[in-house]
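To keep things clear, I will list the structure first and then write my remarks on it.
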Amino acid sequence: MAKLQIVLGLGFGLVSLSLLLVAVSADVTVLTADNFEQEVGKDRGALVEFYAPWCGHCKKLAPEYEKLGTSFKKAKSILIGKVDCDEHKDLCSKYGVTGYPTIKWFPKGSLEPRSYEGARTAEALAEFVNTEGGTNVKVLAFPSNVVILTEETFNEVVLDETKDVLVEFYAPWCGHCKNLAPTYEKVATAFKLEDDVVIANLDADKYKDLAEKYGVSGYPTLKFFPKSNKAGEDYDGDRDLDNFVAFINEKCGTSRDGKGQLTSQAGTVASLDALVKEFVSAAEDERKTILSKIEEEAGKLSGSAARYGKIYAKAAKSSIEKGTDYAKKEIERLQRMLEKSISPSKADEFTIKKNILATFTSSSA
């Protein structure tokens, strides 16, 4: 999903949309009719892919091109970019694009490109860019967050009743499987911090008996094995990142977005939210009674919810001891911590606390 790089002014004033210059998809710069000549033909060489979203060859190239973009991320003299020709037909026509994907090299300081005709692998593209751009960048090797299943490990992983497991049954030669691969990797990455969630795949061409056992007759076939149903159930949703993430969140009780970050709902518990609303609207001499109700309700929770319940109870107790603005001040402190370089697990911890504390401020509005 494209993320927007925004130059922020000082203070808390409105940010001018005119400062919105470059959109980036992962580490590949998304070029448009508006920003193309601001980014290309300047003080760095640029490799640009002209593509169409529906193009099968473009989808196949996507993971290799993303890998290339990430590898050259720190090379200041090189831009790895792409143009959606469905959205920017005039721009693509200007550079003679008649088929997809078309890859062109724009030398430093020039808007006169030459076509790339080599192999469409990250390694081949990197060799070309290094030669043309005078760099010496090596393609990075990326560890996968998808659990690779085998005949020996399938039961141990998939039938584990403490885990919710999504399994892709695929064949190495299957074009649809290859197209799905980069999205499936993003799903696995989004949920890598969830101990109870496993995103896995199985080479069904190699392990035919297992595939037949679970009724797999085409590729890719996706099956979900929740903790409560190890017979498995078909995944019939759309095969894009947002739909996969929504499915996992609904089935597993998680609250992640496509980037793996916790949403504003993470950690919140409906029954405790109702008591918090009662707590913040009550008179000071009544709050201790409602605190007891919060502690009692929190004590009924299990699993991760039990941990969240303790945060609710502590926040209510601190609000009584430190004043009604405790939650607001604590949220500000946590936000400062989140803006520092911290581990993903710490970021999750602080985000959950912020979400729960926010119920004490929003309820009082």
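The table that follows gives values for the structure above.
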quantity	calculated
DSSP bridge orientation in segment 57-202 - percent antiparallel, rounded to nearest 5	20 percent
Whole-angstrom gap from segment 226-244 to segment 308-356, using each part's C-alpha centre	33 Å
Solvent exposure, largest accessible area first (probe 1.4 Å, DNA, RNA and ligands not counted), of Thr183, Thr324	Thr324, Thr183
In nm, spacing of pseudo-spin labels at Lys108 and Lys251 (7 Å Cα→C-beta vector)	5.1 nm
Degrees between helix 287-299 axis and first principal axis of the chain (Cα, 0 to 90, nearest 10)	60 degrees
Calculated log₁₀ intensity ratio I(q)/I(0) where the Debye formula runs over C-alpha points of segment 32-80, q = 0.32 Å⁻¹	-1.14
Percentage relative contact order, segment 53-177, counting C-alpha pairs under 8 Å, at least six apart	23 percent
Filtered GluC sites (Glu not before Pro), segment 88-142: DSSP coil and at most 13 other beta carbons within 10 Å	Glu117
Check: segment 270-360 dipole with +1 on Lys, Arg Cβ and -1 on Asp, Glu Cβ, in debye	360 debye
Accessible surface, 1.4 Å probe, highest first, among residues Glu194, Glu37, Glu49	Glu37, Glu194, Glu49
Beta bridges per DSSP with both ends in the chain, % antiparallel, nearest 5	55 percent
FRET efficiency, 1/(1 + (r/R0)^6) with R0 30 Å, evaluated for Ser341 and Lys317 via beta carbons	0.45
Computed E for Thr131/Asp34 - FRET, C-beta separation, R0 22 angstrom, nearest 0.05	0.10
Stretch gain in nm, segment Asp196-Arg120, where the contour uses 0.36 nm per residue and the Cα spacing is subtracted	23.7 nm
Percentage, to the nearest whole number, of Cα pairs in segment 53-148 over 15 Å apart	64 percent
Scaled radius of gyration (Cα, divided by 2.2 N^0.38 Å) that the chain gives	1.21
Under 15 Å from the Lys138 label point (7 Å along Cα→beta-carbon), backbone N, segment 43-86	71-72
Residue-normalised accessible area of the chain, expressed per residue, 1.4 Å probe, Å²	55 Å²
Within the accessible area of the chain (1.4 Å probe), percent carbon and sulfur	50 percent
Sequence-separation-based contact order of segment 147-252, relative, with Cα cut under 8 Å and 6+ spacing, percent	36 percent
Alpha-carbon radius of gyration plus Dmax, which is the widest Cα pair, for segment 295-357 in Å	12.6, 37
Relative contact order computed over the chain (Cα-Cα under 8 Å; 6+ residues apart), in percent	11 percent
Summed side-chain charge close to Val147 - residues other than Val147 whose Cβ falls under 12 Å, Lys, Arg +1, Asp, Glu -1	-2
Crossing angle, helix 175-190 versus the chain [Cα axis fit, 0-90 degrees, rounded to tens]	40 degrees
Label-point separation in nm, Glu278 to Lys76, each point 7 Å along Cα→Cβ	6.0 nm
Mean-position separation - Cα centroids, segment 118-167 and segment 184-200, in angstrom	14 Å
Rg(Cα) / (2.2 N^0.38 Å) computed for segment 176-262, rounded to two decimals	1.09
Segment 118-222: chymotrypsin sites (Phe, Trp or Tyr not before Pro) falling in loop per DSSP and having at most 13 other Cβ within 10 Å	Trp173
Cα-based helix-to-principal-axis angle, 304-322 vs the chain, degrees rounded to 10	60 degrees
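The values are calculated or read from the model by the stated rules, or taken from the named source; none is laboratory data. None of these values were measured; they are calculated from a predicted model. Ideal geometry is used to build each Cβ from the backbone, glycine not excepted, and the neighbour counts take in all protein chains shown. Heavy atoms of the whole protein, side chains included, go into the accessibility calculation; ligands, DNA and RNA do not. Shrake-Rupley method; radii C 1.70, N 1.55, O 1.52, S 1.80 Å.
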